[in-house]
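Before any comments, here is the structure.
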Amino acid sequence: MTVTIKTSEEQDKMRVAGRLAADVLDMIGDYVKPGITTAELDKICHDYITGVQDAVPAPLNYRGFPKSICTSVNHVVCHGIPGEKTLKSGDAVNIDITVIKDGFHGDTSRMFFVGKPGIQAKRLAEVAYEGMWLGIKELGPGKHLGDVGAAIQGFVEKNRFSVVREYCGHGIGRVFHEDPQVLHYGNRGAGMELKAGMTLTVEPMVNAGRRHVKLLNDGWTVVTKDHSLSAQWEHTVLVTEDGYEVLTLGANDR
Ligand code: MF3
Ligand code: CO
Ligand code: CO
């Protein structure tokens, strides 16, 4: 397992990449309306990343992924492929953006509601959001990855939802998915000890029903096995000397 420690120059490049990824989410929110297709959302993001930001959409052609963003609607857990699906009022969609700028990756996702959200979808998104932040707040030198997972799992399960285990957060830098794996469940004090200069994502996937998932035949789309709703949020975070710095804060987080 090779975990990279970013130099202060590399940390600056991660800040830029993180800011750009968050800017894409700030930009796309206004377009998430009934009647738009996920392919149209993909094209708007692609054109913004390449044309306005002069950056590269990391998902495009990553291990054969065919589009520039992931759009995961309702019971889709993650890695939904944008296509001809038209969004309708009541849908909840996770949009996951990863950009590469000057050789470094910024990776972030949020939930968006199309029209008025259902009560359960809203609560699920709130619990996933709070779970992500409780995990992030555990980060710091001397802390363990298990502290992050335990904080998220404890909160989510107390709220009678479940945490997906097959997919996790990750180290990030010049490489999209680096070591270590950041599990969203686990035990305090377990797992790797964190050091200043590490950059990681925290991106819990939370299901309304059971935690189990199924991969569709397209080789990418992950859905809940019981077809219950799923929600996810993601930030890219730097471990600092005195805690953490979130690199993908959006306009509403600042
Ligand atoms: N952005 C996702 C993550 O958070 C990974 C997407 S891989 C892709 O790690 F190929 F589906 F884009
Ligand atoms: Co990620
Ligand atoms: Co992501």
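Counting only the heavy atoms of the protein chains, how much of H177 is accessible to a 1.4 Å probe, in Å² to the nearest 10?
Only protein atoms counted, so the area is about 80 Å².
Which of rounded, prolate, oblate describes the range 175-254, given a ≥ b ≥ c as roots of the alpha-carbon gyration tensor eigenvalues and a/c under 1.5 marking rounded, otherwise prolate only if a/b is larger than b/c? It would help to have the intermediate numbers written out before the result.
On the way: a/c = 2.04, a/b = 1.70, b/c = 1.20.
Prolate is the answer for the range 175-254, as a/c is 1.5 or above and a/b outweighs b/c.
I'd like to know which of V148, A21, G197 lies farthest towards the positive end of the charge dipole of the chain, counting +1 on Cβ of Lys and Arg and -1 on Cβ of Asp and Glu.
The residue sitting farthest along the positive end of the dipole is V148.
Show me, bin by bin at 10 Å from 0, the whole-percent P(r) of the range 141-185 based on Cα pairs.
Bin by bin from 0 Å, the calculated values are 27, 46, 24, 3.
Too long at a 22 Å Cα-Cα cut-off: which of K85/K225; K33/K225; K33/K67; K33/K116; K101/K214; K13/K195?
Numbers: K85/K225 20 Å; K33/K225 27 Å; K33/K67 20 Å; K33/K116 10 Å; K101/K214 33 Å; K13/K195 19 Å.
Over 22 Å apart, Cα to Cα: K33/K225; K101/K214.
Under a Cβ-only charge scheme (Lys and Arg +1, Asp and Glu -1), can you give me the dipole magnitude of the chain about the Cα centre, in debye to the nearest 20? Write down the numbers at each step before the final one.
Numbers: 28 positive and 32 negative charges, 178 e Å.
Magnitude of the dipole: close to 860 debye.
Pick from M192, M205, M132: which is most flexible by mean-square fluctuation in a GNM of the chain where alpha carbon atoms under 10 Å apart are linked?
Highest fluctuation among the options: M192.
Long-range amide H contacts for K6: which residues qualify at under 5 Å (H placed 1.01 Å from N, peptide plane, sequence gap of 5 or more or a different chain)?
So K6 has HN proximity to M198, T199.
Bin by bin, in steps of 5 Å, what percent of the Cα pairs in the range 104-215 do you find, going until the bin that has the longest distance?
Answer for the range 104-215: a P(r) of 2, 13, 22, 23, 19, 12, 6, 3, 0 percent.
Can you pull the three principal axis extents for the Cα set of the range 12-109, in Å, largest first?
The Cα atoms of the range 12-109 stretch 40, 28, 21 Å along the principal axes, largest first.
Is the chain best put as rounded, prolate or oblate by its Cα gyration tensor, with a ≥ b ≥ c the root eigenvalues, rounded for a/c under 1.5, and otherwise prolate when a/b is larger than b/c, oblate when not?
On the way: a/c = 1.70, a/b = 1.15, b/c = 1.48.
It is oblate, given that a/c is not under 1.5 and a/b is not larger than b/c.
State whether the range 16-69 is rounded, prolate or oblate according to the following rule on the C-alpha gyration tensor (a ≥ b ≥ c being the square roots of its eigenvalues): a/c under 1.5 gives rounded; otherwise a/b larger than b/c gives prolate, and the remaining case gives oblate. Walk me through the intermediate numbers first.
Values: a/c = 2.07, a/b = 1.15, b/c = 1.80.
Oblate is the answer for the range 16-69, as a/c is 1.5 or above yet b/c matches or exceeds a/b.
Of the residues P66, P57, P204, which exhibits the maximal mean-square fluctuation in a Gaussian network model of the chain defined by a 10 Å Cα contact cut-off?
Looking only at P66, P57, P204, the largest GNM fluctuation is found for P66.
Could you tell me which residue out of V222, C70, I49 lies farthest along the dipole of the chain toward its positive end? Charges go on the beta carbon: Lys and Arg +1, Asp and Glu -1, centred on the Cα centre.
V222
Could you sort 105-117, 26-38 so that the peptide with the highest average Cβ count within 10 Å comes first and the rest follow in order? Walk me through the intermediate numbers first.
Details: 105-117: 21.5, 26-38: 14.7.
Per-residue mean Cβ counts within 10 Å order the peptides as 105-117, 26-38.
How large, in percent, is the carbon and sulfur part of the accessible surface of the range 41-88 at a probe radius of 1.4 Å?
Details: 1160 of 2180 Å².
That share works out to 53 percent.
The values are calculated or read from the model by the stated rules, or taken from the named source; none is laboratory data. Everything quoted here is computed from the prediction, not taken from an experiment. Every residue, glycine among them, receives a Cβ derived from its backbone with ideal geometry; neighbour counts consider all protein chains shown. Note: areas computed on protein heavy atoms with side chains; ligands, DNA, RNA excluded. Shrake-Rupley method; radii C 1.70, N 1.55, O 1.52, S 1.80 Å.
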